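Here the structure comes first, spelled out in structure tokens, and everything after it is commentary.
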Amino acid sequence: MIKRVFCFVCSLLCCFISIDVLAVPIIYVNQVAMDTKSAKIAVVSNDVLLNATAKFALINSANNTIVFTGKLSKAMAIEEWMPGKFLYQADFSSFINQGKYKVSVTVNGKQYLSDNFMIEDDALAKLTIPSILQYYHHQRATTPEELAADKKLLLFGSDKTVDLQGGWCDASGDISKYFSHLAYANFMSPQQIPLVTWSMESAVEAVPKLLTKLGIKDSLQQEALFGADYIVRSLAPEGFFYMTVFSYFKPDPSARRVVGLLANSVTTNDYQCAFREGGGMAIAALARISTWKKDGVFTAAQYLDAAKKGFAHLLINNTQYDDDHKENIIDDYCALMAATELWIATNDTLYKNEARKRATNLAKRITKEGYFIADDGNRPFWHASDAGMPVVSLSRYLTKEKDEALRTSTILVIKKALAYNLSVTNNTSNPFGYARQTFKYKDSIKNGFFIPHDNESGWWWQGENARLASLATAAIVGGKLIAVNNKKTISKELNQFASQQLSWILGNNPYQLCFMYQFGKNNVPYMASRYGHGSGKGGISNGITGKDGNGDGGGIDFKKEAEGNEWRWTEQWIPHAAWFLQAISAQAEE
């Protein structure tokens, strides 16, 4: 009997030893670069629990010397993503020496290494802005076929044609051009071509010296002017902006039409933009670029005149264009952007009053928990690409607002919203720091990592890299406004939050994918498109989602092939790079 027990114990020990020996740790890391002043965190996963004193090392890739050591965090887990895995953070935020590095862990006497990455002052801005600029230039709808078709586009249901040449193709799999889409869903409208234009303007004004040093300031300005020219062309004589130039996914460029969109690519003549449907950001982009006193195809004066005309028209007609004829939070933050930029450009009292009204509306929408309400009821605001826009719009408003009482109340809203972003993200085990959110699902208010797949659109969900970059932008620009003693140094917590969103995009995620094309070690597959567009260097793919089939967005998924639906994960989309550009230029702001 004693012999049998001894043999059983030996077998059990051997079993445990074999599992430990076979367990191969994986190190997840930003595969591109981290700024010296940003938080720097890698994630280590292992199949068995590591010793409580387990350490990691940072190794100089040039000479393989150890330059920093640290203790791994306590074990964490995300069972709905990585069942049975033990996850640890390797935090080397205090390390600021510039160079090329990799993270190392040693398990059972064997060393395991991460992918290489760079640490440098303003590293992300230096490394990626030139390629982001190249990506947008690649996305220009200026091939001979597109120009010929877009100079005489038919309006849906009419024999009237308009000249809407220019602009950028929306995605690596879609050569259509959008101010916004999903207008019919009311609460999900993203900002597209106008957001890209405004983001370029923001970057030019944030880091002019760096752009000059990189030799691309003039080129980025010209790309922004190219966007502004398209926006002016999109302004109808009546004063509204045309929303969509739709290709119907057909190879024949003559099939393109100016349309409004419903689910399943059903087209209508509801192509007039409300504030939330691209109109507000179009006005904001034109007003802001007019202050440069530079001309594109149109003059600076024409940019401002178009912004004024569009704003005046929407003050009267906005709810007519809103699909449900009710304004919501997206109208508020887009109209706030429009009014703020016009106020900055003109100093006119009309725009000051409208900006203050919209800022007040946003303040009324924030809950005691810190998330915003999207409607006049209890629907939480969540957004798959522009979740950071309420804070970004309020922050931009404060660059002009000088009234101390209004500044104080607005800063309190920003502070509350950012505190909520931190709390909802950190109130569960979350080693990657993925930004979580609050949403309504089947009449219940829930918190989750990814947007619900069952939503007002009836079909649309995809990877959320734009949302992550927008929230990183909000953390940085808003964090500077609420900084202690007005020193514009964001808190450690917001620094980490912003850094982890950008690092997720660049490879520090459970699939070890760098979603910025031709950066990092592992990219998504190339996606071809018509007229030679397709995936471009510097473009960012949609990214990771909740599990396909989970209506509440629970679980995790990424598919390179999905019977034609792989676009949800692999397709590049212009808002992703636009928000990433905003985040990294805000991070490197001079």
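Throughout, read-outs are computed from the coordinates displayed, never taken from laboratory work. Bear in mind that the values here come from a model prediction, so they are computed numbers and not experimental data. Neighbour counts run over all protein chains shown; Cβ positions are idealised from the backbone, glycine included.
Overview of values
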{"item": "Qualifying aspartates and glutamates (Cα of each under 13 Å from Cα of residue 55; at least 8 residues distant if same chain)", "result": "91"}
{"item": "Shape of region 154-202, Cα gyration tensor, a/c cut at 1.5", "result": "oblate"}
{"item": "Estimated vicinal HN-Hα couplings, Hz - region 483-491 in sequence order (Karplus 6.51, -1.76, 1.60; Gly, Pro = x)", "result": "4, 5, 6, 6, 7, 6, 9, 6, 5"}
{"item": "Environment charge at residue 445 (Cβ cut-off 10 Å; Lys +1, Arg +1, Asp -1, Glu -1)", "result": "+1"}
{"item": "Dipole magnitude of region 548-590, debye to nearest 20 (Cβ charges: Lys/Arg +1, Asp/Glu -1, about Cα centre)", "result": "40 debye"}
{"item": "Long-range amide H partners of residue 37 with built H, under 5 Å", "result": "122"}
{"item": "Span-rule helices in the chain, defined as complete DSSP H runs reaching 15 Å or more along the axis (Cα) with Kyte mean at least 1.6", "result": "2-22"}
{"item": "DSSP-assigned coil residues among trypsin sites (Lys or Arg not before Pro) in region 17-96, each with at most 14 further Cβ atoms within 10 Å", "result": "74"}
{"item": "The chain, relative contact order in percent, only Cα pairs under 8 angstrom and at least six apart counted", "result": "15 percent"}
{"item": "For region 336-462: span of alpha carbons on each principal axis (Å, largest first)", "result": "45, 31, 25"}
{"item": "Above-threshold pairs, the threshold being 29 Å between Cα atoms, out of 71/492; 74/364; 177/521; 37/352", "result": "74/364; 177/521; 37/352"}
{"item": "Fewest-first sequence of 299, 399 by Cβ atoms within 10 Å of each Cβ", "result": "399, 299"}
{"item": "Burial order of peptide ranges 142-148, 421-427, 482-488, 334-340 (average beta-carbon count within 10 Å, highest first)", "result": "334-340, 421-427, 142-148, 482-488"}
{"item": "Positive-pole candidate from 166, 103, 588, dipole of the chain, charges at beta carbon", "result": "103"}
{"item": "Packing-based order for 403-413, 189-199, 429-439, 363-373, using average beta carbon neighbours within 10 Å, highest first", "result": "189-199, 429-439, 363-373, 403-413"}
{"item": "Rg/Rh ratio calculated on Cα atoms of the chain (Kirkwood radius)", "result": "1.00"}
{"item": "In order through region 164-181: 3J(HN,Hα) via Karplus (6.51 cos²θ - 1.76 cosθ + 1.60), integer Hz, x for Gly, Pro", "result": "10, 6, x, x, 10, 4, 6, 7, 5, x, 9, 8, 5, 10, 10, 7, 6, 9"}
{"item": "Overall dimensions of region 445-507 as given by Cα atoms, namely Rg and Dmax in Å", "result": "14.8, 47"}
{"item": "Test item: Cα-centred dipole of the chain, Lys/Arg +1 and Asp/Glu -1 on Cβ, debye", "result": "1700 debye"}
{"item": "Derived scalar couplings ³J(HN,Hα) [region 83-99; Karplus, 6.51 cos²θ - 1.76 cosθ + 1.60; whole Hz; x for Gly, Pro]", "result": "x, x, 8, 9, 10, 9, 9, 10, 9, 10, 4, 6, 7, 10, 5, 7, x"}
{"item": "Partner lysines for residue 368 [C-alpha distance under 19 Å; skip if fewer than 8 residues away on the same chain]", "result": "415, 416, 440, 446"}
{"item": "Helical mean residue ellipticity (222 nm; -39500 (n - 2.57) per DSSP H run of 4+; nearest 500) of the chain", "result": "-13000 deg cm²/dmol"}
{"item": "Residues 459, 579, 382 arranged by fewest to most Cβ contacts within 10 Å", "result": "459, 382, 579"}
{"item": "Listed residues 495, 216, 156: farthest to the positive end of the dipole of the chain (Cβ charges)", "result": "495"}
{"item": "Under-5 Å amide H pairs with residue 527, H placed in peptide plane, nonlocal only", "result": "535"}
{"item": "Sequence of 341, 238, 493 once ranked by neighbouring C-beta atoms within 10 Å, starting from the fewest", "result": "238, 493, 341"}
